[in-house]
Amino acid sequence: MLPKLEGYAAALLGSLEKSVLATVTSEVTSLEQTILSQPALRGVLTDTSISGPARGQILGDLLASKVNAATRQLSVYAATSVPAQDVPKSFAELSAAARAFAETGSFHHASLGLLEARRRVSGYADFLLNDVDTSSFARVEEELFTWARTIEGNLDLRRLLLDRDAVDGARVAITTQLLSGKVDAITLALANFVVVGGRPRDVVGTLDYLVDYVAKARDWRVARVHTARALDDASQAQLVSSLATLTGKNVELQIAEDASLLGGVLVEVGDLRLDATTRGRLGALREVVASGRLYEPALHTND
């Protein structure tokens, strides 16, 4: 299974009550069979010309009100995060993992390389951060950073947590003992999963990786919108919906009015910049005129 999807599935399935887990397991298995038996659906989900967030949006719309909310959430994440050609396979793997978890109550995390193990942890983080208000992100970042420095500065603690031969349960127990009641619940869950799903020798490195990952996740959750005039509620809702489809994340708007834009909106979310302002279009037109590209079609016609 794709490491990031494995981490996400571990977090989601582990959060479910037994009865709901049984329902999700059954529905994921049925969905796997549906994808295999429906060429049209399989064609859409494996179409490499369709972006991951768009695939997730399509599947989410198809499953709305038809399956448990957790099944829909897990399926949308799979369709969004997995390469198109691997989507059918990922549902087969999810089905098998859900059945195994329902039967044993635990997730088996095979040993992975450093980068893949970090991706597995990031998938776990994606689930935990999904519905968290962005105002809480800074606290999680700070607490993860502080925990990493604590491990670095304590030789006995470092020896235990970085010991490849130590039982995961013992390492989780000491992490819980030292952090429980002192940090946010999400910080504690992430610190524990770094022990279970990461590489033992890379505990500090994975924590530092998570600090950066949470910061980037926060950037992608906040869209800075510059507009020439106020946006009404309908326009804001439409913008949120469009950005969610584009980014695959729940997006919050930070709106600033700027009359100098003349019209339209400028949106910055993560490292994505969408300029649909009148000033931006006029600037692009000036560049075309200055470069002479505006006259190229006529020149080619006369050749």
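For the reader, a short list of remarks on this structure follows.
- When both bridge partners sit in the chain, DSSP labels roughly 65% of those beta bridges antiparallel.
- Stretchable slack from ASN130 to THR176, in nm (0.36 nm times residue separation minus alpha-carbon distance): 14.3 nm
- Using a Förster distance of 22 Å, the FRET efficiency for LEU162-ASP212 (Cβ separation, nearest 0.05): 0.60
- Other residues with beta-carbon under 12 Å from the beta-carbon of TYR124 carry, at +1 per Lys or Arg and -1 per Asp or Glu, a net charge of +2.
- Tilt relative to the chain, helix 168-179 - C-alpha long axis, 0 to 90 degrees, to 10: 70 degrees
- Model label points for ARG273 and SER51, set 7 angstrom from Cα along the Cα-to-Cβ axis, are 1.7 nm apart.
- Packing order of peptides 122-135, 67-80, highest average first: 67-80, 122-135 (average count of other Cβ atoms within 10 Å over each peptide's residues).
Read-outs throughout are calculated quantities, based only on the coordinates presented, and are distinct from any laboratory measurement. Because the structure is predicted, anything quoted here is derived from the model rather than measured. So basically every Cβ, Gly included, is an ideal-geometry build from the backbone, and we count neighbours across all protein chains shown.
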